1. Would you list ASP72, ASP89 from the most to the least accessible area, probe 1.4 Å?
2. Run the simple label-point estimate for GLN107 and GLN3 please: 7 Å along Cα→C-beta, distance reported in nm.
3. May I ask for log10 I(q)/I(0) of the chain at q = 0.16, 0.18 Å⁻¹, from a Debye sum over the Cα atoms as equal point scatterers with solvent left out?
Amino acid sequence: QVQLVESGGGLVQTGGSLRLSCVVSGTNLSRALMGWSRQGPGKQRETVAVVTSTGYTTHASSVEGRFTISRDNAKNALYLQMNNLNPADPALYYCSLPTREATYWGQGTQVTVSS
């Protein structure tokens, strides 16, 4: 059974940083594309960043230059380094693992930014 567990969210001041982690069990990530998404209050879920199995990354324009996605295949883990957080960033952040059968999601980790 594939499971994704996020951690690292919390409350931070504007301009602060957080590092989110996602640990995956039940499958090997070495050949998988993975991503981070977020859903803010009253908003639709949006893709924040994606990393391919070879390490190629893409970030949404809203977070480009501030957020960095990375992976550690040896640890079956995905990360999102978030710097210079601002009032547009608060949301429930999810990691995702698309497969042929389905897209798996974690339960999410909450990020809150105070001014």
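1. ASP72, ASP89
2. 0.9 nm
3. -0.67, -0.84
The values are calculated or read from the model by the stated rules, or taken from the named source; none is laboratory data. These figures come from a predicted structure and were not determined experimentally. Cβ sites come from the backbone with ideal geometry, for glycine too, and all protein chains shown count toward neighbours. Protein only, heavy atoms only, side chains kept; ligands, DNA and RNA dropped before computing areas. Shrake-Rupley method; radii C 1.70, N 1.55, O 1.52, S 1.80 Å.
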